[in-house]
Amino acid sequence: MTSEEFKAWRNSLGISQTEAATTLGVSRGSIENYERGQSGEKRTVPIPRTVELACYAILAQIDAVLGPPIGSLLDQWFARVKGELTALIATTNKKPA
């Protein structure tokens, strides 16, 4: 999940950074860093996979009740993850030369 995707997730839910932090069980500073993609020290801050999965689990719950347009974010994420998994499987299935 990129910083832009994370911010789009939060904005699609219409929640503040503080509400996102409470929902995900992280600090507000972490949310700020995720959205900027870096910390105050200009250090790159990747969004942890657990946070990414929690974001999409929340979207999936909302999508089940409300339907699209949130579903389009899920579709994008599933397509990206499917590509990553396909590449990983292809790499691990290669036979040594």
(message) Just to be sure I understand the model, the point goes 7 Å from the Cα along the line to the Cβ. What's the resulting Glu4 to Arg80 distance in nm?
(response) 1.0
(message) Net charge within 12 Å of Gln17 by Cβ-Cβ distance, Lys/Arg positive one each and Asp/Glu negative one each, not counting Gln17 itself?
(response) +1
(request) May I ask you to compute the full-extension gain from Ser16 to Thr50, defined as 0.36 nm times their residue separation minus their alpha-carbon distance, rounded to one decimal in nm? (result) 10.2 nm
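Just so you know, all these numbers are worked out from the coordinates, no wet-lab data involved. Since the structure is predicted, the reported quantities are computational estimates derived from the model, not experimental observations. Cβ sites come from the backbone with ideal geometry, for glycine too, and all protein chains shown count toward neighbours.
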